[in-house]
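Contents: one structure, followed by commentary.
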Amino acid sequence: MTETTTGLLKLGREYGAHNYHPLPVVAAEAEGAWVTDVEGRRYLDMLAAYSALNFGHRHPRLIAAARRQLDQLTLVSRAFEHDQFGPFCAELAELAGMDVVLPMNTGAEAVETAIKVARKWGYTVKGVPAGQAVIIAFEGNFHGRTTTIVSFSTDPDARADFGPYTPGFRVVPYGDLDATAAAVAELGDRVVAVLVEPIQGEAGVVVPPPGFLAGIRSLCTQQNILMIADEIQSGLGRTGHTFACAAEDVVPDAYLLGKALGGGIVPVSAMVSSWPVLGVLQPGQHGSTFGGNPLACAVAREVVAMLRTGEYQARARVLGQRFHARLGALPGVGAVRGRGLWAGVEFTSLPGREVCERLTARGVLAKETHGNVIRLAPPLVISEEDLDWGLSQIEAAIRD
């Protein structure tokens, strides 16, 4: 019984906490852009695990890197060094044009790291009075679900009933540079960081107005504030750039990375910054048993090596043009937002959940967000033919 879709879904509902509302697909195998369920049905993956699978399922180079490391060493904790750690940090720092890397596991851990570092930098470098540091964030943000992070969320599902909330944050409208500057003027030297997603993924792949990121960069430079870019979803090739900030020629004071950094094999995240910023941490002040473990570092090193070629960024740019052009021409679509192989599609009358259910029946995996919007983020390795087929299924699902 439990080997069928129905049986496995029932088992999950009975014994798994109901913190997700998944579509009725039970995956058993996958390769490239395709997933096969337990009964042999194939689906084109147009979600790629929210960009964690930028390089597709089971990419041969990444699987080979993991297998090599599995035969050598998987964990020592940070009590000891291992032969993958230094090279990983050096290679990721070079890719990002930064000095230093602090590896963690999940995206939320990378954000928590940035919050702690920004506060400590504010107290020990900027001279903010103890306990007075403020970080500016934006409406519609999604940075994770820890108690501290949901304290500055504006999503009721993520925030409601999880108080008391952590102080030290000011939330302003996303894309509103004037509101950001006004908050900085009001709070003065207490502001230690602006935490921003270059494109808001969970909010529906919302792209800020032109000049917003550059304006944030200029404001932070003028006021001695850290600009921290959460590129956990937007980074590592998804938008056609290694980092989405590059669309405005912006270099933040720190990148927060995750998802695709683990190649869809292991959770890997990191804060990448300069020594004047990350150098405020001393031994014992922050860490993780699994953060920077040998297996994670080996896989992430291969991810970095693949990105250095520029091949995947170029695919996202070229296929992204075709992607957005076809999505924009679909009937019943009010707006298409995004960049590269990443889009939020807003429907004029259809609920997003219904669209995704129709797509599942047609062999395409996507996910709704916020009512009548679906998110699409196909693997960067998807072929032109498969992309066209998937887009045709979306059109057919709308017309049904």
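Every read-out reported here was derived from the displayed coordinates using simple, explicitly stated rules and does not represent laboratory data. This is a predicted model, so every value here is computed, not measured. FYI the Cβ positions are ideal-geometry reconstructions off the backbone, even for glycines, and counts take in every protein chain you see.
Counting other Cβ atoms within 10 Å as a rough exposure proxy, the listed residues 36, 239 run 36, 239 from fewest neighbours to most.
For the chain, a simple Cβ point-charge model (Lys and Arg +1, Asp and Glu -1, everything else neutral) yields a dipole of about 200 debye relative to the Cα centre. Rg then Dmax, both in Å and based on the Cα atoms of region 284-399: 17.7, 58. Secondary structure note: in the chain, about 65% of the DSSP beta bridges are antiparallel.
Normalised Debye scattering of region 62-195 at q = 0.10, 0.16, 0.18 Å⁻¹ gives log10 I(q)/I(0) of -0.47, -0.97, -1.09, counting only Cα atoms as equal scatterers and leaving out solvent. Listed by Cβ neighbour count within 10 Å, with the fewest neighbours leading, 245, 220 appear as 220, 245.
For the chain, the longest principal axis of the alpha carbon atoms and the long axis of helix 107-121 meet at an angle near 10°.
Across region 164-169, computed HN-Hα scalar couplings (Karplus, 6.51 cos²θ - 1.76 cosθ + 1.60, θ = phi - 60°) run x, 9, 6, x, x, 9 Hz from first to last residue, x flagging Gly and Pro.
Counting only chymotrypsin sites (Phe, Trp or Tyr not before Pro) that DSSP places in a loop and that have at most 14 other Cβ atoms within 10 Å, the longest clean stretch of the chain runs over 166-400.
Filter the GluC sites (Glu not before Pro) in region 52-136 to those in DSSP coil with at most 14 other Cβ atoms within 10 Å of their Cβ, and list the result. Answer by residue number: 81.
In a simple Cβ point-charge model (Lys, Arg +1; Asp, Glu -1; nothing else charged), region 40-110 has a dipole of about 580 debye relative to its Cα centre. Counted by neighbouring Cβ atoms within 10 Å, the residues 234, 288, 269, 274 run from fewest to most as 274, 288, 269, 234. Computed from Cα atoms, the angle from the helix 85-96 axis to the main principal axis of the chain rounds to 90 degrees.
Against the chain, whose longest principal axis comes from its Cα atoms, helix 5-15 is set at around 40 degrees.
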